Every structure is written in C-alpha cells, then in structure tokens.
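First comes the structure, then the notes that go with it.
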Amino acid sequence: MGLWHVPAIMGEWLLGVSINGLVRGLLGLGGLLLVWFAWPVMKSAWQAQQADAATTALRLNYKISLDEVLSAIDRLDRAVESDPIAIRYFQRSELLAGAALSPFFAPTAQQRTEWLKRAEDDLRAGLGDDPARGIQWLRLSSVRLALEGPSQRSVAPLLMSIDTAPMLLPLWPVRLRLILDNWQALTREQRERVALYVARTWQLSSSYDSFADAIRTPVDELLIRYFVRNEAGAQDELTRLLTERRKRKS
C-alpha cells in the first residue's frame, strides 16, 4: 500500500466514525423523544390505576367514604388531563355516575347533580371518539334518566346501546329496567322495536330471573307480560318466578 492511500483510508475511517456517532446520537434523541411523548400516557395510566379501588367499590356496592371518592375523582381528573382519550373519559364517567347513583353512598343533591352532569359530559366526549360502546351508551341513558326522568334524551342512548351491543346478555337487566322506566317517553315505533327486542332476548335466555327481577310495579308486570305474550310458556314462567319472590318477602 502506498503512502498516497493513507489519507483516503483515514478519511473513510473518520467518515465511518462520524456516521456511527450521528446514528447513535439520533437513536439516543429518538429514545428521549419517545419517553417525552409517552410520559403523559404513562402518567395518565398510573393516575387512573390509583382510582380503580374506589370504582370497584362503587361497582360492587361496597362501603366507601366521601374522601376516598373525592380522591379517586381527583386522580381521574389528572389522568384525563394528561391523556384525554375515550377510555379515560369512560373511566371517569363510571366513577362519577357510580358515586352519584350508588344506593350505599349519599352525596348532597347538589353534589349528585354535579357528578351526573360531569359523567354525561365525559360520556359524550368518549363516545364521540369511540361510538361502538354498548355499555357506555347504556350508562349515558341511566345518567340522563337520573338527571331528567323519562325523556327522549334518555331513550336515544338506550336505543344506541341496543344497536351497538344487541345481545350482550350481561347488560340485559339494566337495559330492561331502562326500557320500563322510559316507556312513557317512547314513541309508538320505538315501543314496537323494543317489544320485539325483549321477546328476542327471552328466546335467547337460559334463565328468566332478570325479567322477574325487573318488575317493581303492576305496570311493569303488565308490560313484561305483553312483551312475551307470544312466547310459549312465558306467562306461566313469569307467574312462577313472581310467586317465588312474593313468598320470600312474606
């Protein structure tokens, strides 16, 4: 190798070192940027996790203090602020609605209304980004019923819940209760639609306890008997289930 080749070789070596250093630097910068952009998501998830215990307690009707509820709401406020995505809005809406509607937790009337309105806002925000959520539409119907009583504003998300998750049987007891509670607000067309849906659910059910459990008044009983009027053995089965429940209470 002649001496005149040495500068060229040195130049290639230096170029390789420079490119290697540049690549390493870019990779390091990319890692920093990844951490920078991922941090709000990670922080949001951590804050939301801190509220899980309170949400679960309300979901299962366990005893919980006002301080625990307020702390959990604060955690989810921070989670939504860090990462305002649909799932965070849904998580906060469940906590707020659960605190407002739980039979084992008694906020003031003003606090209850405030929580319900915030839950409604969260559900509207979340469903705007992720509308195929039967559970969340059902929660929105429940929240609006609690705020305003029977109305088309409660009926609309109830029907959306049926459209997006028609045969999700775990939702059935709540859905049937909302159908009964909103019956007076339904149009004739909507009544025919939900009547067909109730009958179809009866056909697909292996147990009919949820139908009997939904009956609280004589009007409820008349409606459910009407819904399943064409189903073989339905009237006798309802009579049997209701008789059992009355015996337990006596």
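Accessible area per residue was computed with a 1.4 Å probe on protein heavy atoms; Trp46 scores about 130 Å². Can you give me the pair-distance distribution of the stretch 96-136, C-alpha pairs, 5 Å bins, whole percents? Result, from short to long distances: 5, 25, 25, 18, 14, 9, 4 percent. Segment Arg188..Leu169, full-extension length gain: 4.3 nm, with 0.36 nm per residue of separation and the alpha-carbon distance subtracted. Protection proxy ranking of 147-153, 96-102, by the mean of other Cβ atoms within 10 Å over each peptide's residues and highest first, is 96-102, 147-153. Here the stretch 81-164 is assigned +1 on the Cβ of each Lys and Arg and -1 on the Cβ of each Asp and Glu. Its dipole about the Cα centre then comes out at about 240 debye. Share of carbon and sulfur in the accessible area of the stretch 76-123 stands at 50%, probe radius 1.4 Å. Panel values: the stretch 156-250, Kirkwood radius from alpha carbon pairs, Stokes-Einstein at 20 °C and 1.002 mPa s, translational diffusion coefficient 156 µm²/s. Taken along the Cα-to-beta-carbon direction at a fixed 7 Å, the label points for Glu231 and Ser205 span 0.5 nm. Orientation-averaged projection of the stretch 129-180 equals 3.3 nm² [convex hull of Cα atoms, one quarter of hull surface area]. Heavy-atom accessible area, probed at 1.4 angstrom with all protein chains present, ranks Tyr226, Tyr208, Tyr197 as Tyr226, Tyr208, Tyr197, highest first. Among residues other than Leu145 with Cβ under 13 Å from its Cβ, the summed charge is +2 (Lys and Arg +1, Asp and Glu -1).
Neighbours of Asp52 by Cβ distance under 11 Å: Lys/Arg scored +1, Asp/Glu scored -1, total +1.
The Kirkwood radius of the stretch 78-205, taken over pairs of alpha-carbon atoms, gives through the Stokes-Einstein law at 10 °C and 1.306 mPa s a diffusion coefficient of 105 µm² s⁻¹. Counting only protein heavy atoms and a 1.4 Å probe, the stretch 125-198 has 45 square angstrom of accessible area per residue.
The values are calculated or read from the model by the stated rules, or taken from the named source; none is laboratory data. Just so it is clear, the structure is predicted and the values come from calculations on it, not from any experiment. Virtual Cβ from ideal backbone geometry, glycine too; neighbours counted across all protein chains shown. Note: accessible area is taken over every heavy atom of the protein model, side chains too, but ligands, DNA and RNA are not part of it. Shrake-Rupley method; radii C 1.70, N 1.55, O 1.52, S 1.80 Å.
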